[in-house]
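Chemist: I'd like to ask you about the structure that follows.
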Amino acid sequence: MSENSKKRVLSGIQPSGNLTIGNYLGALRQWVAEQETFNCYFCVVDLHAITLPQDPAALREKTREVAALYLAVGLDPEKVTIFVQSHVPAHAELNWILSCLSPLGWLYRMTQFKDKSAKQQQDSIGAGLLNYPTLMAADILLYQAHAVPVGDDQRQHLEYTRDLAQRFNSMYGDTFVIPEAMIPKEGARIMGLDSPTAKMSKSEESDYHAVYLLDPPNRMKKKIMRAVTDSGSEITFNDDLARAGVNNLLTIYQATTGETKEAIEAHFAGKGYGDLKKAVAEVVMAKLEPVQTEYNRIVGESGYLDSILAQGAERASEMAEKTLAQVKERVGFLARR
Ligand code: AQP
């Protein structure tokens, strides 16, 4: 199938910290599978990262690290377009146009805004944090993406994108493809190891919250062995909040191995929480070992990553500029001659 006849996919990750197994199991793992069937655009969303304060040197370093991890998990730059969001100015431009159509009521209802703003000093919350979903809508709509592979936490932002696209289309005529969310069946919401009722997050500071993709293996094991469980002993999938720790470990095991729930429960029948933690640590370490080897190879090859990102920005700009030109024409901007 030619690239033009394939359905398009767009997704991205913020370079706002160390990537976690939540980012891997909820997002990256799916991306690798999708590169065979879709025309994929994967960006490192640095414009999103600055919706919360970032250290400039760390932001630059993490942007490269995240891009190298995209390659290390198995994305093939010959098949997919990998780029840095701020290298394609069309994202910021479309964001502005869509902001003018975004009802504040919709934005204030977003759970992520409520959660993240609650952790800030109320008088210093940036307008960008509120506008985060509009920028995400711009990312998706610029590439006329049919599908967006994300974890469950992004479901609401996807709905918002669809609503905004429909609003634009009904005001200015059919312009945008209305995208669908693609949420994995297993691993869509990995919870914090130390707080299994909260989403595992890369910007959470606690030492035992998350396994990072680039953690040394002994550190991964230590974190998993210290995961919060409960005072029971049964190892079964269970939605009861009191069993959230064990459920989370089983979910990580399932998403990492691809085994069925029944097979996993049978495997752990009669065993203890210590055995479960050891088994989870082993499968996670085994899954990430080749990723780390490949990461080290990629960052060790001088100029390679920069050339992939330059080529990605060029390919992405081509598609993004085409959509943006159409949008500008529809809203009534005078064309530059
Ligand atoms: N815990 C998770 N379980 C499953 N999927 C997850 N994702 C993130 N955490 C989990 C998915 O990873 C992709 C990238 O997310 P992001 O970096 O753009 O922002 P986020 O969802 O807000 O992720 P974090 O780790 O919590 O980052 P911070 O703390 O910096 O905001 C998305 O597809 C997301 O669903």
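Chemist: Nearest 20 debye, what's the magnitude of the dipole of region 63-205 about its Cα centre given +1 on Lys and Arg Cβ and -1 on Asp and Glu Cβ? Provide the component values of the computation, followed by the final result.
Modeler: Working: 13 positive and 17 negative charges, 48 e Å.
The dipole of region 63-205 has a size of about 240 debye.
Chemist: Nearest 10 degrees is fine. How inclined is helix 273-300 to the longest principal axis of the chain, computing both from alpha carbons?
Modeler: Approximately 40 degrees, to the nearest ten.
Chemist: Cross-link partners among aspartates and glutamates for K116, C-alpha distance below 12 Å, same-chain residues fewer than 8 apart left out?
Modeler: E204
Chemist: Can you give the angle from 0 to 90° between the axis of helix 155-172 and the longest principal axis of the chain, with both taken from C-alpha atoms, to the nearest 10?
Modeler: Approximately 10 degrees, to the nearest ten.
Chemist: What base-10 log of the normalised intensity I(q)/I(0) is obtained for the chain from the Debye formula, alpha carbons as equal point scatterers, at q = 0.12, 0.14 Å⁻¹?
Modeler: Debye curve over Cα of the chain, log10 I(q)/I(0) at q = 0.12, 0.14 Å⁻¹: -0.88, -1.16.
Chemist: Listed highest first by mean packing, meaning other Cβ atoms within 10 Å per residue, what order do 133-142, 224-233, 269-278 come in?
Modeler: On the way: 133-142: 26.3, 224-233: 15.5, 269-278: 14.0.
Going by the mean number of other Cβ atoms within 10 Å, highest first, we get 133-142, 224-233, 269-278.
Chemist: So, one more: From the P(r) of region 217-297, could you give the percentage of C-alpha pairs in the tail past 18 Å? It would help to have the intermediate numbers written out before the result.
Modeler: Working: 1338 of 3240 pairs.
Taking all Cα-Cα pairs of region 217-297, the fraction more than 18 Å apart is 41 percent.
Chemist: Using a cut-off of 27 Å between alpha-carbon atoms, which lysines can reach K6, once sequence neighbours fewer than 8 places away in the same chain are excluded?
Modeler: Cross-link targets: K79, K185, K322, K328.
Chemist: Which one, G272, L142, T293, is farthest towards the positive end of the dipole of the chain when Lys and Arg carry +1 and Asp and Glu -1 on their Cβ?
Modeler: In the chain, that residue is L142.
Chemist: A further question on this structure: Do the alpha carbons of any pairs in K119/K277; K221/K277; K7/K62 sit beyond 20 Å of each other, and which pairs?
Modeler: Details: K119/K277 31 Å; K221/K277 8 Å; K7/K62 30 Å.
Violating the 20 Å limit, Cα to Cα: K119/K277; K7/K62.
Chemist: Helix 127-142: angle to the longest alpha-carbon principal axis of the chain, degrees 0 to 90, nearest 10?
Modeler: 80 degrees
Chemist: Right, something else. Quick one: dipole size for the chain, taken about the Cα centre, charges +1 on Lys/Arg Cβ and -1 on Asp/Glu Cβ, in debye to the nearest 20. Show your work: numbers first, answer last.
Modeler: On the way: 37 positive and 42 negative charges, 80 e Å.
Around 380 debye, computed over the chain.
Chemist: Rounded to the nearest 20 debye, what is the charge dipole size of region 217-297 about its Cα centre when +1 sits on each Lys and Arg Cβ and -1 on each Asp and Glu Cβ? Before the final figure, lay out each step's value.
Modeler: Details: 12 positive and 11 negative charges, 111 e Å.
In debye, rounded to 20, region 217-297 gives about 540.
Chemist: Whole-Hz ³J(HN,Hα) for each residue in region 314-329, computed from phi via Karplus 6.51 cos²θ - 1.76 cosθ + 1.60 with θ = phi - 60°, x for glycine and proline: what do you get?
Modeler: With coefficients 6.51, -1.76 and 1.60, one gets 5, 5, 5, 4, 4, 5, 5, 5, 4, 5, 4, 4, 5, 5, 4, 5 Hz.
Where a number appears in this text, it was derived from the coordinates with a stated rule and is not lab data. Note that the coordinates shown come from a computational prediction; the quantities given were computed from them, not determined experimentally. Quick reminder, even Gly has a Cβ in these numbers, built from the backbone with ideal geometry, and neighbours come from all protein chains shown.
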